[in-house]
Amino acid sequence: MKTEMLLKSSPRITLPKTDLVGIKKSKQITKESTKLPQPTGWRILVLPFKMGEKTKGGILMGQDTLEKQQVASQCGNVLAMGPDCYRDKSRYKQGPWCKVGDWVMFARYAGSRIKIEGGEVRLLNDDEILATIKNPEDILHEY
């Protein structure tokens, strides 16, 4: 009973389209989202972009290639934000750089990598966000 109340009272984590990120399709999204860490302070939880298993030309990518690409990804979807993100008015005069649900770009090796079933998530500081983007598929992904 207490667990149900905690889940209801904690901020909800909304996941983007699962075919664009590293969540296994066989798992239910609600089960996966309860396993994710909740960011504290000025940290942001980002789920890295995962490219498709097949290229536009029809070539199937190997599992190793897909895993290396996800580790080296520079784009991700903001899943959750800590309570202190973008609160410093002297640093962020124009307001937050991103919000939950936005696709963002960050440095290749930025943040802490946290392994989850089916991939990994990254925990970034609020100042490590470089840009917001509309569609991660528009960015050339190489590793």
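What residue, among those in the stretch 64-76 that are modelled with pLDDT of 75 or more and surrounded by 13 or more Cβ atoms within 10 Å (Cβ to Cβ), is nearest to K115 (Cα to Cα)?
So the first thing to find is which residues in the stretch 64-76 are modelled with pLDDT of 75 or more, and the list is 64, 74-76.
Adding the requirement that they be surrounded by 13 or more Cβ atoms within 10 Å (Cβ to Cβ) leaves 74-76.
Details: Q74: 17, C75: 17, G76: 15 Å.
Top of the filtered list is G76.
Evaluate the stretch 56-63: report whether one residue or more is modelled with pLDDT of 55 or more and within 16 Å of E120 (Cα to Cα). Outline the logic, then answer.
Step one: filter the stretch 56-63 for residues modelled with pLDDT of 55 or more, giving 56-63.
This time we only want the ones that are within 16 Å of E120 (Cα to Cα), so: 63.
Taking every residue of the stretch 56-63 in turn, at least one turns out to be modelled with pLDDT of 55 or more and within 16 Å of E120 (Cα to Cα).
Kindly provide the set of residues from the stretch 111-139 that are modelled with pLDDT under 90, among the small types (G, A, S) and surrounded by fewer than 17 Cβ atoms within 10 Å (Cβ to Cβ), ordered by number.
G118
How many residues does the stretch 49-67 hold that are in a strand (DSSP E or B) and in contact with an Asp or Glu (Cβ under 7 Å, 6 or more places away or on another chain)?
Qualifying residue count for the region: 1.
Quick check: anything in the stretch 108-116 polar (S, T, N, Q), within 14 Å of the chain's Cα centre (by Cα) and farther than 28 Å from K56 by Cβ?
Yes, the stretch 108-116 contains a residue that is polar (S, T, N, Q), within 14 Å of the chain's Cα centre (by Cα) and farther than 28 Å from K56 by Cβ.
Just a yes or no: is a residue in the stretch 21-43 modelled with pLDDT of 70 or more, touching a Phe, Trp or Tyr at 6+ places or on another chain (Cβ under 9 Å) and open to solvent by 20 Å² or more (accessible area, probe 1.4 Å)?
Scanning the stretch 21-43, I find at least one residue that is modelled with pLDDT of 70 or more, touching a Phe, Trp or Tyr at 6+ places or on another chain (Cβ under 9 Å) and open to solvent by 20 Å² or more (accessible area, probe 1.4 Å), so the answer is yes.
Scan the stretch 85-107 for residues that are more than 18 Å from the chain's Cα centre (by Cα) and open to solvent by 50 Å² or more (accessible area, probe 1.4 Å) and report the count.
Total meeting the criteria: 7.
The values are calculated or read from the model by the stated rules, or taken from the named source; none is laboratory data. Just so we're clear, the structure is a prediction, and the values are computed from it rather than from any experiment. Here the Cβ is made from the backbone with ideal geometry for all residues, glycine too, and neighbour counts use every protein chain on show. Side chains are part of the model used for accessible areas, which takes the heavy atoms of the whole protein and leaves out ligands, DNA and RNA. Shrake-Rupley method; radii C 1.70, N 1.55, O 1.52, S 1.80 Å.
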